[in-house]
Amino acid sequence: MQLFRSRLFRASAAVAIGSMASVGLSGLAFAAPGTTPTLTAPTNGASVTGDVALSATSTATTVQFLVDGVDLGSPVAVSTGSAATSWPTDGVANGSHTIAAADCDSVPSCGTPSASVSVTVANVAPVLTSPTASETVGTATTLTATASEGGVEFFVDGVAAGFDGTAPFTQSVTGLTEGGHTAGAQACNTAGTACAGPTSSGASFTVQVLHPTITGLSPTGVSPNGDGRDDATKLSFSLPDSESTSYSVVTTLGAVVRGPVSLGVLGAGAHSVIWNGLDNGSHRPADGVYNIQLNTYRHLTGSELATGQATRGVRIDDTPVSISGASGNGTTFYPYPDTYGDTFAPHITIGDTATVYLDILSTKGSLIRRLGAYHSGGGVATVTWNGRLSNNAFAPAGTYLFRMWAEDTAGNRAVTGNYTLHVSAKRLVSKSWTKQVNGNTGAFFTNDTSCTGASNAQSTFVSGEWLANICSAPSVVYGEYSIAVPGATRYSTIDLKTYGNTISAPEHIYGAWLNYAPDAFTVGGYRLIAHNDSNAWVDLGTVSASGRVSGNHVDVAVVVPNLDGQEDFDIGYVAVTIHYQVLQ
C-alpha cells in the first residue's frame, strides 16, 4: 500500500508541475498588432501577368502579404511606412485571385488581414511546336514548346511526360505505342514546383511502328566450337515493306554481344541471316541464354524514324551434357514377342535436356542399329530395343556390343564406353503337368477336435483319408498337400481336383491354395457334391500361379466346412495340374 501511495503522489506532482509550466508559457505570449495595413498595389480588378508587384502602407514593423488567404512567403519589413514584394504567377492558374495584407510585429505575430482586392491572372499559355497536328512519328520522339517565361510540363494522352525549366523547352519520350495520341504543354514556374498555369492547345499525332516478323530460328541452341554440329544458327524473318534492317545479339540484361550488324535496306518478303555464334571480337560468348534482336527503321518526316523490332531467344552451350554409365551390361534378352524379356531397355543418367541414343554394334564395332529418345530435363533416360534390325527382321542370336550417348540441343555429345549384350532366339513354350497323390499323404488340421476328425482307417480307400465335420458352430477340417512341380520360366495357373465320395449327399467341399507372400490360403467357391457313396472327381477350381509356387512346390488343401450341420468327404486322391512356360 505504501508503494501505491508513493506512485500516486509522484504522478500528481508531475501533473501539477506540467500545469504550472503551461501557465508560465501562456503568460509570456506576445499580443498581435491591432492595426491593419492599406494595400496600394495591385488595384482591385487589375489584370496581371508574370511577376506581380505587391505593396502596402503600414505603421507596424512588418507586413504579411496573402494570396488567396495563404501567406506569400515571410513577413516583409516596413521601410518609411511602406512594405513591398512581388508575386510570381508562373505556374499559377489563370483566373481570379485575392490579395490581402496584415500588420505583424517582429516575433512575428500578425493581426487581422486587410480587406482583399481581386485580380485576374492572365498569363499566356505555352505553344506546343512538336509534334504538329496530324504528324506521324516513331515510338521515340521529342516534344518541344515555346513559353514567354517560367517552365513547361509536357503531357502525352493526359499523363505527365516530363518538365523543362529552361528555354528552349524540350522533352524526349520513348516507348510510345502504335496508333493515335495527343500531346500538350502546361505553364509552370522555373522550378517545376507549381504547374497549374494555362495549357497549350492539344496536338493529335500518330505513332507508326514497323512490323518485322521472325519466322524461324534453327537451331535454337548453338555450340560454336567448330565440330560441325550446330556451330551457327539461321534467323529467318519477313518484312511487310522496304525497311533498313540490322540485327544484334544481346544478353538477357540487354548488354550487346554481337552487332549491330547492318543488313542494309531489304525489300518486302522473306529473308534470313546466319549468326556464327561469336561475339564482336570473334570469341565464343559464355554459355547462357541470349536474344537475337531484329531491328528495322524507315525515315518519316524530318528526323523522325518509324522503328520495329522482333526478338527470338537462343542458347549458347559448349558444355557436353553429363552422363553416368549405362545399365544392362551382360544382359541376355529374348526378342521373340511372347511377353518374356522381349525388349532390352538400358538407361543412363543425364544432367540436362538431351536426345539419348542407344547404338547396337557387332563385336567388331560395326553399327547395326541406332535408336534415340528425347529426354526433357536431367534424370534417368531409357532407350528400348526390341531386337529387330532396321528392316524389321530379328537380329541373329549371339553376342553384341552396345553403347549409349547423349546429344544436347546445341549438338554437344557425351558417350559411354562399350558394353556386352546377348541376344537369344529362345521363346516361351507352354506346357502343363499333373501330379496325383494319395488322400492320406497330406497333413490334416482342424480348429475343433471335439466334433471334427480325419481317419485313414475309416476311408474306403486303402491310401485315403476320410474327413468329417459335425460341429454345431462354424468350423473346418482340411487336408493340406505339398506337391513338387517342375521348374519353369513362368507359371500360369493351378488346377485342383480331388477324387472321393461322401456318405450323405448333398455335401459341401472347398479347395484352397497357399499364397506364400502373405503366407495365407485363398479359399475358392464351394462345390456341392450330389452323389452318395459314389466315387467321382470333384473340380475344386483354378487360380493364378502368381505367388503360389515356392521352391518348385505348391501347397493346396481340401476343406470340409460345417454348412448344414453334418459334412464329410472321403479323399481318395488329390490331383494338381499346373500350366507353365519354359524357354526353348
Accessible area of segment 162-223 belonging to carbon and sulfur atoms, whole % at 1.4 Å probe: 50
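For segment 377-433, just say rounded, prolate or oblate: build the C-alpha gyration tensor, square-root its eigenvalues into a ≥ b ≥ c, call rounded for a/c under 1.5, and beyond that prolate if a/b exceeds b/c, oblate if not. Walk me through the numbers on the way to the answer.
On the way: a/c = 2.65, a/b = 2.23, b/c = 1.19.
Prolate, since a/c reaches 1.5 and a/b exceeds b/c.
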Equivalent ellipsoid, segment 226-374 (semi-axes from 5 times Cα gyration tensor eigenvalues, Å): 49, 17, 13
Accessible surface of Thr120 - all protein chains present, 1.4 Å probe, nearest 10 Å²: 60
Prolate/oblate/rounded label for segment 545-584 (Cα gyration tensor, a/c 1.5): prolate
Segment 91-134: equivalent-ellipsoid semi-axes (sqrt of 5 x gyration tensor eigenvalues, Cα, Å): 40, 13, 5
Compactness index (Cα Rg / 2.2 N^0.38 Å), segment 168-314: 1.41
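For Thr206 and Thr43, FRET efficiency with R0 = 56 Å and r from the beta-carbon atoms, rounded to 0.05?
Details: r = 49 Å, r/R0 = 0.87.
Calculated transfer efficiency: 0.70.
Ignoring trypsin sites (Lys or Arg not before Pro) that are buried or in helix or strand per DSSP, and keeping those with at most 15 other beta carbon atoms within 10 Å, what is the longest stretch of the chain between them? Kindly include the intermediate steps, with their values, before the conclusion.
Details: sites that count: Arg229, Lys364.
Counting only loop sites that pass the neighbour cut-off, the longest clear stretch is 1-228.
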Percent carbon-and-sulfur accessible area, segment 294-432, ignoring ligands, DNA and RNA, probe 1.4 Å: 47
Carbon plus sulfur fraction of accessible area for segment 29-93, probe 1.4 Å, in percent: 55
Cβ-derived FRET efficiency at R0 22 Å, Thr35 paired with Thr120, nearest 0.05: 0.15
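Just subtract the alpha-carbon distance of Ser96 and Ile503 from 0.36 nm times their residue separation and send over the number in nm, one decimal. Please report the intermediate quantities before stating the final value.
On the way: separation 407, 0.36 × 407 = 146.52 nm, distance 12.73 nm.
My answer for the length gained is 133.8 nm.
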Semi-axis lengths (Å, descending) of the ellipsoid that matches the C-alpha gyration tensor of segment 146-232: 47, 17, 9
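Let's test the formula: R0 of 35 Å, r as the Cβ-Cβ distance of Ser282 and Val415. What FRET efficiency results, to the nearest 0.05?
Values: r = 30 Å, r/R0 = 0.85.
After rounding, the FRET efficiency stands at 0.75.
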Inter-probe distance in nm under a simple model that places probes 7 Å from Cα toward Cβ, at Phe394 and Gln566: 6.3
Built amide H within the under 5 Å cut-off of Leu72, gap 5+: Phe65, Leu66, Val67
Amide proton proximity set for Ile571, modelled H, under 5 Å, gap of 5+: Glu465, Trp466, Leu467
Relative contact order for the chain, counting Cα pairs under 8 Å that sit 6 or more residues apart, in percent: 8
Length added when fully stretched, Tyr526-Cys451, from 0.36 nm per residue minus Cα-Cα: 24.9 nm
Cα-based Kirkwood hydrodynamic radius, segment 394-471, one decimal, Å: 19.7
Amide proton proximity set for Thr40, modelled H, under 5 Å, gap of 5+: Ser55, Ala56, Thr57
Estimated vicinal HN-Hα couplings, Hz - segment 397-410 in sequence order (Karplus 6.51, -1.76, 1.60; Gly, Pro = x): 4, x, 9, 10, 10, 9, 9, 10, 8, 10, 10, 7, 5, 9
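What ranking of Cys471, Cys451, Cys110 comes out by heavy-atom accessible area, probe 1.4 Å, highest first? Before the final figure, lay out each step's value.
Working: Cys471 5, Cys451 25, Cys110 55 Å².
The most accessible residue leads, giving Cys110, Cys451, Cys471.
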For the chain, accessible area per residue (1.4 Å probe, heavy atoms of protein chains only), Å²: 49
Dimensions (Å) - segment 270-310, Cα atoms, principal axes, largest first: 42, 24, 18
Label-point separation, Gln436 to Ser148 (7 Å along Cα→Cβ), nm: 13.1
Accessible surface, 1.4 Å probe, highest first, among residues Tyr478, Tyr290: Tyr478, Tyr290
Between segment 278-303 and segment 499-539, the alpha-carbon center distance in angstrom: 86
Global size of the chain as Cα Rg and Dmax, reported in angstrom: 51.9, 154
Inter-probe distance in nm under a simple model that places probes 7 Å from Cα toward Cβ, at Ser246 and Tyr516: 8.0
Rg/Rh (Cα only; Kirkwood hydrodynamic radius) as it applies to segment 479-547: 1.03
Calculated diffusion of segment 85-237, Stokes-Einstein form, Kirkwood radius summed over Cα pairs, 25 °C and 0.890 mPa s, µm²/s: 125
Note, ³J(HN,Hα) from phi for segment 240-249, Karplus 6.51, -1.76, 1.60, rounded to Hz, x at Gly and Pro: x, 7, 6, 8, 6, 10, 8, 9, 9, 10
Rounded to whole Hz, the Karplus (6.51, -1.76, 1.60) HN-Hα couplings of segment 298-310, x for glycine and proline: 8, 5, 9, 7, x, 9, 6, 10, 8, 10, x, 8, 9
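The values are calculated or read from the model by the stated rules, or taken from the named source; none is laboratory data. Since the model is a prediction, treat every value here as computed from it, not as a measurement. For neighbour counting, all protein chains shown are included, and Cβ atoms are generated from backbone atoms with ideal geometry for every residue, glycine included. Note: areas computed on protein heavy atoms with side chains; ligands, DNA, RNA excluded. Shrake-Rupley method; radii C 1.70, N 1.55, O 1.52, S 1.80 Å.
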